[in-house]
Amino acid sequence: MKKKIYLSFILFNLLTGASAQKDIIYKVPHQISLETGYRYVLPVIDHSNVLGGNSATNGYGIMLDYGWKVSGLSDKKANVYLTVPLGYTVMLPDNAVSKRLSMFNYGWTVRHEIGKGRKFTPFAGYGLLLNTLKVDGTEGGVMGHQTRFEFGTNMNTTGKLKYFAKVQYSYTSYPKLGDSKRVHFQYIDIRMGLRF
């Protein structure tokens with residue numbers, strides 16, 4: 001039985017032109033990222049009453065990200081990761097009459113590393129996420145979509161643990177409360193984290 005399997009493997013290599021090496025089939029590596037940082041909300045584009053008069057322009061957030069390497073399995077190409085992020089952000093009220101806001105988001109992102117084999121490796125990313133916005137003291141929430149762009153750098157170490165810092169810009173659209181139109185927000189985040 002073993003001889004038949006081995007002969008089939010050699011025949012497959014001859015027909016496809018593949019070499020008889022152990023790395024003919026790659027195991028797709030994964031990477032987990034954990035990050036936290038500061039968020040600033042740029043002025044609301046259409047100045048609607050989606051938040052019921054609330055004003056919250058500063059906050060903090062945390063995100064867990066699980067990714068699969070989809071390019072860069074050999075040493076010839078730069079690494080590209082397809083990831084599934086899961087995050088939560090709290091926006092603090094600007095004044096006594098405003099309430100705290102919270103945002104829960106998840107979706108898909110793609111992260112491209114620029115270059116390979118350096119201590120500091122820049123990267124750029126793009127994401128499409130769903131985003132749920134809630135106001136303290138108000139039942140339910142509104143679901144919107146978020147488009148995100150990020151730029152940063154990884155600090156590679158000799159171990160498995162790596163550090164990174166990034167800046168990200170997000171454009172988010174929510175339905176207005178009690179209205180068929182939508183409200184649009186823009187965020188700037190400064191994040192730091194680790195990958196393993």
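The values are calculated or read from the model by the stated rules, or taken from the named source; none is laboratory data. In this text, all values refer to a predicted model and were calculated from it rather than measured experimentally. Cβ: placed from backbone, ideal geometry, glycine included. Neighbour counts: every protein chain shown.
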Exercise. Any idea which residue in region 102-137 is farthest from Leu64 (Cα to Cα), counting only those that are at pLDDT below 95 and in contact with a Lys or Arg (Cβ under 7 Å, 6 or more places away or on another chain)?
Worked result: Gly137
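For region 129-141, which residues satisfy the criterion of being out of contact with any Ser or Thr (no Cβ under 6 Å at 6 or more places or on another chain) and not hydroxyl-bearing (Ser, Thr, Tyr)?
Hits for region 129-141 are Leu129, Leu130, Leu133, Val135, Asp136, Gly137, Glu139, Gly140.
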Exercise. Which ones in region 109-129 are surrounded by 13 or more Cβ atoms within 10 Å (Cβ to Cβ) and among the hydrophobic types (A, V, I, L, M, F, W, C)?
Worked result: Val110, Ile114, Phe123, Ala124, Leu129
For this session: Return yes when Val110 is over 29 Å from Lys76 (Cα atoms) and in contact (Cβ under 8 Å) with a residue 24 or more places away in the chain and no when it is not.
Result: no
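Yes/no matrix, rows are residues, columns are (1) among the aromatic types (Phe, Trp, Tyr); (2) closer than 30 Å to Lys77 by Cβ:
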| site | (1), (2) |
| --- | --- |
| Lys119 | no, yes |
| Leu128 | no, yes |
| Gly144 | no, no |
| Thr147 | no, yes |
| Phe151 | yes, yes |
| Gly159 | no, yes |
| Phe164 | yes, yes |
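Can you name every residue in region 47-70 that is among the β-branched types (Val, Ile, Thr), modelled with pLDDT of 75 or more and surrounded by 20 or more Cβ atoms within 10 Å (Cβ to Cβ)?
Once the filter is applied, which keeps residues that are among the β-branched types (Val, Ile, Thr), modelled with pLDDT of 75 or more and surrounded by 20 or more Cβ atoms within 10 Å (Cβ to Cβ), region 47-70 yields nothing.
So that you can scan it fast, the table gives a plain yes or no per residue for (1) among the basic types (Lys, Arg); (2) part of a loop (DSSP other than H, G, I, E, B); (3) under 20 Å from Tyr187 (Cα atoms); (4) in contact with a strand residue (DSSP E or B) (Cβ under 7 Å, 6 or more places away or on another chain):
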residue	(1), (2), (3), (4)
Gly115	no, yes, no, yes
Pro122	no, no, no, yes
Met143	no, no, yes, yes
Glu150	no, no, yes, yes
Asn154	no, no, no, yes
Exercise. If you take the residues in region 85-123 that are under 20 Å from Gly141 (Cα atoms) and basic (Lys, Arg), which one is nearest to the chain's Cα centre (by Cα)?
Worked result: Arg100
Exercise. Which numbered condition trips up Gly144, out of (1) touching a Phe, Trp or Tyr at 6+ places or on another chain (Cβ under 6 Å); (2) surrounded by fewer than 17 Cβ atoms within 10 Å (Cβ to Cβ); (3) modelled with pLDDT under 95?
Worked result: (2)
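Would it be correct to say that Val84 is free of Cβ contacts under 8 Å to residues at least 40 places away in the same chain, of a type outside the set (Asp, Glu), surrounded by 13 or more Cβ atoms within 10 Å (Cβ to Cβ) and under 23 Å from Asn154 (Cβ atoms)?
Yes.
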